[in-house]
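For reference, the structure discussed in these notes is given below.
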């Protein structure tokens, strides 16, 4: 909050003389026309009157100083004599002049994730060195999306490229009707996804659902929960791209809600290309 300085930069003080105030409603020119002439009266032959006159004259002398100040202010073009704050004094007092605009501090944009490059030559991540988890699930207009996060838990860099395989399972681990569609499109994408190599270096942080992590891979899924028949999916059997073995993970985000996926249209589920953390 910006504090403005007092008018003319003058602070009140109990030690200064009282100001000469014009009657209410009197403007500047009228105040200057007020008769300020001192006319002492003297009773002849009375010495006491001379004492009073002397006293009055001394008072008049003091008042004349005040009148001179007022008349000086009435002179056309005369600037006000009050102390004007300089820019340096305004800054020192922590205030700004009325005409000054508050300085704008530019917002600092968040640094983008530094996505690691794939290894050269390409080294495919084996299923045994990977860990996975469903990190989020959302829905809109009868469509549902979920994302599987993938981490390299080994001490050796490796890469992923392409589409993951998927099998829907119930709570007992039994296979449910599953029809996987590998596609670059999705109800939740504004532009088609692209296929690219994803580098998974060793020593990255653990899977964290609330923000993307550079060096992890992400597998986007989407399906509908309207068109019958539907299945309640409790687990996912995920096969990494170009791998022959799979991992079984819980088909629910870390919050546990929803506890299962309702996949309809006979188990049809779209799988987009595996991608790096890009948001």
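Can you pull out the residues in the range 241-267 that are farther than 12 Å from residue 144 by Cβ and over 38 Å from the mean Cα position of the chain (by Cα)?
Matches in the range 241-267: 241, 242, 243, 244, 245, 246, 247, 248, 266, 267.
Residues in the range 235-261 that are closer than 14 Å to residue 171 by Cβ and either surrounded by 18 or more Cβ atoms within 10 Å (Cβ to Cβ) or modelled with pLDDT of 95 or more (or both): how many?
Number of matching residues: 9.
What do you reckon, is residue 200 crowded, with 16+ Cβ neighbours inside 10 Å and either over 33 Å from the mean Cα position of the chain (by Cα) or at positive phi (or both)?
no
Inside the range 194-223, can you point out the residues that are under 22 Å from residue 122 (Cα atoms) and assigned to a loop (DSSP other than H, G, I, E, B)?
Once the filter is applied, which keeps residues that are under 22 Å from residue 122 (Cα atoms) and assigned to a loop (DSSP other than H, G, I, E, B), the range 194-223 yields 194, 195, 196, 197, 201, 202, 203, 204, 213, 214, 215, 216.
Quick check on my filter: what residues within the range 168-188 are over 12 Å from residue 221 (Cβ atoms) and exposed (fewer than 15 other Cβ atoms within 10 Å of the Cβ)?
Within the range 168-188, 171, 172, 173, 174, 175, 177, 179, 184, 185 qualify.
Between 226, 181, which is farther than 16 Å from residue 275 by Cα, outside any loop (DSSP other than H, G, I, E, B) and over 32 Å from the mean Cα position of the chain (by Cα)?
Answer to the selection: 181.
Within the range 114-132, work out how many residues are within 22 Å of residue 253 (Cβ to Cβ) and buried (at least 20 other Cβ atoms within 10 Å of the Cβ).
Result for the range 114-132: 2.
Just give me the residues in the range 262-279 being assigned to a strand (DSSP E or B) and surrounded by fewer than 20 Cβ atoms within 10 Å (Cβ to Cβ), in sequence order.
262, 268, 275
The values are calculated or read from the model by the stated rules, or taken from the named source; none is laboratory data. Fair warning: this is a prediction, and the values are worked out from it, not measured in the lab. Positions of Cβ are backbone-derived with ideal geometry, glycine not excepted, and every protein chain shown enters the neighbour counts.
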